[in-house]
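One structure is given below, encoded as structure tokens.
The values are calculated or read from the model by the stated rules, or taken from the named source; none is laboratory data. Source: prediction; values computed, not measured. We place every Cβ from the backbone using ideal geometry, glycine too, and count neighbours over all the protein chains shown.
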């Protein structure tokens with residue numbers, strides 16, 4: 001007998017019934033559903049497929065089986081997971097390059113130029129489906145928006161390397177180690193991704209802080225709670241850390 005299952009994320013409560021996930025629909029849901037259909041039409045299957053919007057304000061998406069880790073636990077700090085997440089992100093970006101946003105699309109993040117691809121907007125372990133130690137899909141496209149590849153890469157590297165200060169509970173590794181993981185992620189992603197990604201990370205984190213504060217000021221309870229819990233304090237500390245260790249992080253990209 002099929003029963004409802006409930007999952008609590010950082011912002012939304014998601015319910016699964018059989019092969020479908022029911023979750024609160026954001027104002028961007030119609031545009032995101034177009035994007036998800038486009039990705040599948042382009043042969044990218046590392047994302048859920050939309051199954052419609054309900055009158056009660058929920059959206060229906062296909063369930064993707066696997067583990068969605070809240071963070072990079074010791075057993076997930078592998079090269080296999082790191083590089084497969086990078087390859088997955090590259091596939092998403094390549095498949096999205098021909099997607100055509102509409103002027104009235106209500107993206108959560110503002111469009112950022114040059115709009116080369118559709119950014120996932122929150123590519124991180126907590127939005128990554130993992131099977132047998134390999135990243136196979138990204139979920140939760142609520143933060144998707146048009147932007148440059150490096151903008152999405154910066155956020156993914158920040159989360160997967162990760163580029164966190166020692167005071168961040170999810171931090172591990174010294175700056176040199178973190179830089180090497182960031183470099184491995186970029187090499188697996190391909191194109192010309194290089195040490196300049198490091199310089200984009202502080203601005204990308206700051207954009208998240210700005211979004212959280214703006215949404216909280218407009219009454220968003222989830223972001224108000226995150227700020228009260230000290231999330232923005234951790235992000236600001238990470239920005240300072242990345243800037244302080246910029247030379248070491250960038251030097252790790254040099255294979256010599």
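Couple of notes before you dig in:
- Residue count, the stretch 200-256 (criterion: surrounded by 13 or more Cβ atoms within 10 Å (Cβ to Cβ), under 21 Å from the mean Cα position of the chain (by Cα) and in a loop (DSSP other than H, G, I, E, B)): 1
- Residue check, residue 144 crowded, with 24+ Cβ neighbours inside 10 Å and either in contact with a strand residue (DSSP E or B) (Cβ under 9 Å, 6 or more places away or on another chain) or modelled with pLDDT under 95 (or both): yes
- Residues of the stretch 9-42 that are at pLDDT below 90 and more than 19 Å from the chain's Cα centre (by Cα): 15, 16, 17, 18.
- Any hit, the stretch 119-131, residues being in contact (Cβ under 8 Å) with a residue 40 or more places away in the chain, over 13 Å from the mean Cα position of the chain (by Cα) and not in a loop (DSSP other than H, G, I, E, B): yes
- Failed criterion for residue 181 (all others in (1) surrounded by fewer than 19 Cβ atoms within 10 Å (Cβ to Cβ); (2) farther than 20 Å from residue 233 by Cβ hold): (1)
- From the list 164, 155, the one residue that fits, being assigned to a loop (DSSP other than H, G, I, E, B), touching a residue at least 12 places away in the same chain (Cβ under 8 Å) and buried (at least 21 other Cβ atoms within 10 Å of the Cβ), is 164.
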